[in-house]
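One structure is given here, and the rest of the page talks about it.
The values are calculated or read from the model by the stated rules, or taken from the named source; none is laboratory data. Everything numeric here is computed off the predicted structure, so don't read it as measured data. In this analysis, Cβ positions are derived from the backbone assuming ideal geometry, glycine residues included, and neighbour counts consider all displayed protein chains.
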Amino acid sequence: VAPSDPIVPPPSRAPDPSLSRGDPPDGDPERPALDALARGDRKLAVALLAGLYEDVVYAYCHRMLRDPLRAEDVLQQVFLQAHRDLGDFAGRGSLRGWLLGITNNRCLDAIKASKRLARRMEDDVSAVENAVDESPDPLERVDQGRRVRALEGCLDELSPEVRMTVLLRFQLGLSYAEIGAILDARAGTLQQRVARALPALKACLERKGVAL
Amino acid sequence: VTPDDRKADEAWLLARETAEDGAAVAAPSEETRRVYEALAAELAQLPAVPAPAGWRDRMLAALDEPVPAPAPRPRPTRRWSLIAAPLAMAAAVLLIWRLSADRPQQIAIEVEVRAGDVVRRSGETPAVGDLFVARVLLPGAGELRVYRNDSQLFARCPGHKACLPVRRVGDRDEHAIEIPMTSKGDYRAIVIDGAIGLGLTGTLDGDVRDAKERGARVFIGKSISAR
């Protein structure tokens, strides 16, 4: 068997929102927010950050929590905390990574809270219905919707920590160094999580009758 | 797929994920490589989920809400206070009178159950499928929430598709929701007076406690049991 390159996440179909909103001349989409922060205008900085990353944070929360109401609550908590703590942002790494660190903590809090419930909230299929689907062919769209639901259901079977790692690695395409900074974990630990999670996801999809 | 196959897959995947950039690692089979690359592609192409409309306005409104000041600590009694007691008493009476005059109005939650277009009377038993209707007038920013069995957030206004458009009534905004009771249980509306960016603890009690800790007023409506 021919050797092969490491699995590098292919570019997501959805473009990175940070690159689609008219970058400033110097090419750093976070620059206006950083400038606002430097002027002491934290509210403007948060509003600019929300414009850049609201969809990234919400989609991530939605896939972690599988509930649109709770995902919106966490989305709001993330940016309120960002407003409170922006003064502590030391400029190491990107604001996106810093926000995702807050997002992870708030998602974990929400998951812990939900475990206290005797039963989970009803699944809300509207999230899948609201999902952006760019497939032009109706038959293909139906099949794709089934695959997406199956894959999201399988992701839900992973533990929160493993699910976070897989989403950060493959959905957001982050390096292990970046993920490690967000989750406060060693690269080796994260690589092991991914190596174990992918066969588990594959087996789950096969159980659901989804062929890869 | 045998446990051995799975272990072989894991070992190969771990080798690939830990490999230096560009390093090649032989796969157990060409099919294995293809399947995992397809899986990685599907994960990367999970559809976008746009943030809900209006959330940013709610978040920015919450930033504008003043943080409630901590309650003043009682001062220790001093000898001179005995001399000034009558004056202090008069000031206290004046203060109480002023606070009474400025006391915020109570907020009432109007709740009813509709079977189709007919409002159920108080003696009737609501059924699954009936509409739970809650309505409230708020003086400013706030939320109307519906919980099921006091443990499960069922809907929230503004934001939920069952919320009616906000209507201006005098100097207040009317928030209302008409939502079908989709399963047996107890349904209850609460109102949070104030934009506080309230999170979720997952229970009505927890959310009410959180809201109060953040300085918001909370009003709890009557419970409706659907059978």
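Looking for whichever is more than 7 Å from chain A (Cβ to nearest Cβ) and over 14 Å from A:ALA211 (Cα atoms) here; the options are B:ALA26, B:ALA53, B:ALA19, B:ALA48. Which one fits? None of the others qualify; the one that does is B:ALA53. Give region A:29-45 a look and list any residue that's more than 7 Å from every other protein chain (Cβ to nearest Cβ) and assigned to a helix (DSSP H, G or I), or say none. Listed by number, the residues that qualify are A:ARG31, A:PRO32, A:ALA33, A:LEU34, A:ASP35, A:ALA36, A:LEU37, A:ALA38, A:ARG42, A:LEU44, A:ALA45.
Hey, B:ALA61 hits all of (1) facing chain A (nearest Cβ under 7 Å); (2) among the hydrophobic types (A, V, I, L, M, F, W, C); (3) in contact (Cβ under 8 Å) with a residue 40 or more places away in the chain but one; which does it fall short on? Looking at each condition in turn, B:ALA61 falls short on (1).
Consider region A:37-65 and keep the residues that are β-branched (Val, Ile, Thr) and under 15 Å from the mean Cα position of the chain (by Cα). The one that is surrounded by the most Cβ atoms within 10 Å (Cβ to Cβ) is A:VAL57.
Scanning region B:10-29 for residues that are modelled with pLDDT of 90 or more and of a type in the set (D, E, K, R) turns up just one, B:GLU10. Of all residues in region B:153-180, those satisfying the criterion of being free of Cβ contacts under 8 Å to residues at least 40 places away in the same chain and not charged (D, E, K, R) are B:PHE154, B:ALA155, B:CYS157, B:HIS160, B:ALA162, B:CYS163, B:LEU164, B:PRO165, B:VAL166, B:VAL169, B:GLY170.
When the residues of region B:149-182 are filtered to those that are of a type in the set (D, E, K, R) and in contact with a Lys or Arg (Cβ under 8 Å, 6 or more places away or on another chain), the one that is farthest from the other protein chains (Cβ to nearest Cβ) is B:GLU174. Listed conditions (1) over 20 Å from A:ILE179 (Cα atoms); (2) surrounded by fewer than 24 Cβ atoms within 10 Å (Cβ to Cβ); (3) modelled with pLDDT of 90 or more are all met by A:PRO68, apart from (3). When region B:124-156 is filtered for residues that are part of a loop (DSSP other than H, G, I, E, B) and either within 14 Å of B:ILE220 (Cβ to Cβ) or small (Gly, Ala, Ser) (or both), the ones remaining, listed by number, are B:ALA127, B:GLY129, B:GLY140, B:ALA141, B:ASP150, B:SER151. Anything in region A:168-186 that is farther than 24 Å from B:ASP5 by Cβ and facing another protein chain (nearest Cβ under 8 Å)? List them, or say none. A:GLN171, A:GLY173, A:TYR176 - these are the residues of region A:168-186 that are farther than 24 Å from B:ASP5 by Cβ and facing another protein chain (nearest Cβ under 8 Å). Just one of the numbered conditions (1) at pLDDT below 85; (2) within 17 Å of B:ALA51 (Cβ to Cβ) is not true of A:LEU100: (1). With the condition kept exactly as written, say whether any residue in region B:123-131 is within 17 Å of the chain's Cα centre (by Cα) and not polar (S, T, N, Q). No.
Just one of the listed residues (B:LEU14, B:LEU43, B:LEU39) is facing chain A (nearest Cβ under 7 Å), out of contact with any Phe, Trp or Tyr (no Cβ under 9 Å at 6 or more places or on another chain), of a type in the set (A, V, I, L, M) and assigned to a helix (DSSP H, G or I), and it is B:LEU14.
Residues in region A:76-93 that are under 20 Å from the mean Cα position of the chain (by Cα) and over 15 Å from A:ALA36 (Cα atoms): 7 in all. Given B:LYS161, B:LYS212, B:LYS222, which one is in a loop (DSSP other than H, G, I, E, B) and of a type outside the set (Gly, Ala, Ser)? From the options B:LYS161, B:LYS212, B:LYS222, the qualifying one is B:LYS161. Restricting attention to region B:174-209, which residues are at pLDDT 90 or above and in a loop (DSSP other than H, G, I, E, B)? Within region B:174-209, just B:MET181 meets the criteria. Only one of these is closer than 21 Å to A:LEU158 by Cα, surrounded by fewer than 19 Cβ atoms within 10 Å (Cβ to Cβ) and either aliphatic (A, V, I, L, M) or touching a Cys at 6+ places or on another chain (Cβ under 9 Å) (or both): B:ALA53, B:ALA24, B:ALA11. Name it. Residue meeting the stated conditions: B:ALA11.
Restricting region B:111-141 to residues that are within 25 Å of B:VAL208 (Cβ to Cβ) and free of Cβ contacts under 8 Å to residues at least 60 places away in the same chain, the residue that is surrounded by the fewest Cβ atoms within 10 Å (Cβ to Cβ) is B:GLY140.
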